[in-house]
Structures are given as C-alpha cells and as structure tokens.
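The values are calculated or read from the model by the stated rules, or taken from the named source; none is laboratory data. Predicted, not measured: the structure shown is a model, and the values here were computed from it. As a convention, Cβ positions derive from the backbone with ideal geometry for all residues, glycine included, and neighbour counts pool all protein chains shown.
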Amino acid sequence: MKTWLGAWPVVRQFTDGDPFGRGEAVRSRQTDALVPRTASADRVVRSICPYCAVGCGQQVFVEDEQVVQIEGDPDSPISRGRLCPKGAASKQLVTSPSRVTTVRYRRPHGTEWEDLDLDTAMDMVADRVLETRRKTWQDEVDGKRVNRTMGIASLGGATLDNEENYLMKKLYTAMGAVQVENQARI
Ligand code: SF4
C-alpha cells in the first residue's frame, strides 16, 4: 500500500522507474477503469464519411443495431485510418436527438415549421418545377436559341460525391436549368 505521497504521480515518476512519465506513473484508478467506446460493439461495418467529397474510410461500430462509435478505417487507401474532426464526430449525424428525420415545411409568410409526408413534399416540388418552367422558359435570347429557364437554380453541398453531382447536373440540364453550383466551389 502506497502512502498518499507515494501515490502522487510525480513521485511515482521518479521512484517507479518511469522518469519520463509515459508509463505506469501516469496511470490512475480512473484511467485503469476506462474502456474504449468500441468495446461493447457486436459488429463493425465499413463505410465512407458522408461529410465531404474526400471520402475517408470509416469503421462504424454497432451494438444492438445502434451506432456506438465511428472511427477511421486503417485499410482505406484514401485516409489510412484518419478522420478530420467532422468525420470523427459523424456519429452525431446518426444519433443526435436534434437530427431531422421528417420533411419540414414553412409556408410562405408562415412563422412555424410543419411536418409533411414525403409523397406530399415530392408532389409540391414537382408542381413548382413544372410551374416555374412554364412561367420562365426561354426559347431564344437575342435571336439565339437557348432552350433554358433562369427560374431554377441548384446549390449543392460538400457532402455530395462525384456520382451524385454527375446525376444532378444531368437532371438540371435536362430541366433546362443552367445555374448549377456547389458550395464546395463557392
Ligand atoms: S469530412 Fe473529414 S473525415 Fe469526412 S471525408 Fe471529409 S476530410 Fe474525410
């Protein structure tokens, strides 16, 4: 049994053969009681960080079908086990109580958000696209054929990957929109 003085880390550092304080001297009952957040996982799922287009590899630790921790995947040739702070915190994208899981809609001049079911929201988007094209379509500008609408624009986010951006560009071009941008470039 150590005296209170002998249990003091700096004393242990010099008396227990750990002069640089990088081993036993800096351990305590609290540190010995710590367990990794991955310890309780019953399986690990490989994934890709959805936060930006770098596409770092992730290991998603799952317990009872719930995500308990997300860490870098050492086998990823992109990131070799590393995640930036956003990727390291991406568990919260799944588990945060403030995560939005329904379609939220605020009517023109409304002051409150309301929930919409997905089918209703998709119909509203389609109606607005058709109406906007009908009202703003331009066959020609200054005698030149343009076949476009300036009433629709797209601003994508950095979480979109190459394939999603490719499909979005195809979709918007097919609709006649020419203003297609991405937050990552802005
Ligand atoms: S947000 Fe960070 S961890 Fe995620 S893909 Fe981008 S660089 Fe990698």
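Among residues of segment 45-59 that are outside the structural domain of L83 (by TED's automatic domain parsing) and modelled with pLDDT of 90 or more, none has a beta-carbon under 7 Å from a residue that is within 6 Å of the ligand (Cβ to nearest atom) and assigned to a loop (DSSP other than H, G, I, E, B) at least six positions away or on a different chain.
Got a number for residues in segment 145-186 being exposed (fewer than 12 other Cβ atoms within 10 Å of the Cβ), under 23 Å from K135 (Cβ atoms) and over 18 Å from the mean Cα position of the chain (by Cα)? Total meeting the criteria: 4.
Give me the residue from segment 146-180 that is part of a strand (DSSP E or B) and within 19 Å of P50 (Cα to Cα) and, out of that set, farthest from the ligand (Cβ to nearest atom). The qualifying residue farthest from the ligand (Cβ to nearest atom) is L155. Scanning for something within 30 Å of E164 (Cβ to Cβ), of a type in the set (D, E, K, R) and touching an Asp or Glu at 6+ places or on another chain (Cβ under 9 Å), does segment 81-95 turn up at least one residue? Within segment 81-95, none of the residues are within 30 Å of E164 (Cβ to Cβ), of a type in the set (D, E, K, R) and touching an Asp or Glu at 6+ places or on another chain (Cβ under 9 Å).
Report yes if Q69 is free of Cβ contacts under 8 Å to residues at least 60 places away in the same chain, surrounded by 15 or more Cβ atoms within 10 Å (Cβ to Cβ) and touching a Lys or Arg at 6+ places or on another chain (Cβ under 7 Å), otherwise no. When the stated conditions are applied, Q69 passes them.
Number of residues in segment 30-49 that are buried (at least 16 other Cβ atoms within 10 Å of the Cβ) and under 30 Å from Q183 (Cα atoms) equals 2. A single member of G17, G55, G6, G23 is more than 16 Å from the ligand (Cβ to nearest atom) and at positive phi, and it is G17.
Based on this model, can you work out whether P50 counts as away from the ligand (no atom under 16 Å from the Cβ) and in a loop (DSSP other than H, G, I, E, B)? Here the answer is no, as P50 does not meet what is asked.
In this structure, does R134 turn out to be surrounded by 10 or more Cβ atoms within 10 Å (Cβ to Cβ), over 33 Å from the mean Cα position of the chain (by Cα) and assigned to a helix (DSSP H, G or I)? Yes: the conditions hold for R134.
Residues that are more than 16 Å from the ligand (Cβ to nearest atom), among the acidic types (D, E) and under 30 Å from R148 (Cα atoms): does segment 65-86 have at least one? The answer is no; no qualifying residue exists. For V141, state whether it is closer than 26 Å to A177 by Cβ, in contact with a strand residue (DSSP E or B) (Cβ under 6 Å, 6 or more places away or on another chain) and either more than 16 Å from the ligand (Cβ to nearest atom) or basic (K, R) (or both). No: the conditions fail for V141. Whenever a residue of segment 149-175 is assigned by TED's automatic domain parsing to the domain that holds E131, its partners that are surrounded by 14 or more Cβ atoms within 10 Å (Cβ to Cβ) and of a type in the set (F, W, Y), lying with C-beta atoms within less than 7 angstrom and at least six residues away or across chains, give the pairs T149/W137; S154/Y172; T159/Y51.
Of the residues that sit in segment 88-108 and are within 11 Å of the ligand (Cβ to nearest atom) and within 30 Å of M122 (Cα to Cα), which one is surrounded by the fewest Cβ atoms within 10 Å (Cβ to Cβ)? Filtering first and then ranking leaves L93. Does at least one position in segment 94-110 carry a residue that is part of a helix (DSSP H, G or I) and modelled with pLDDT under 95? The answer is yes; a qualifying residue exists.
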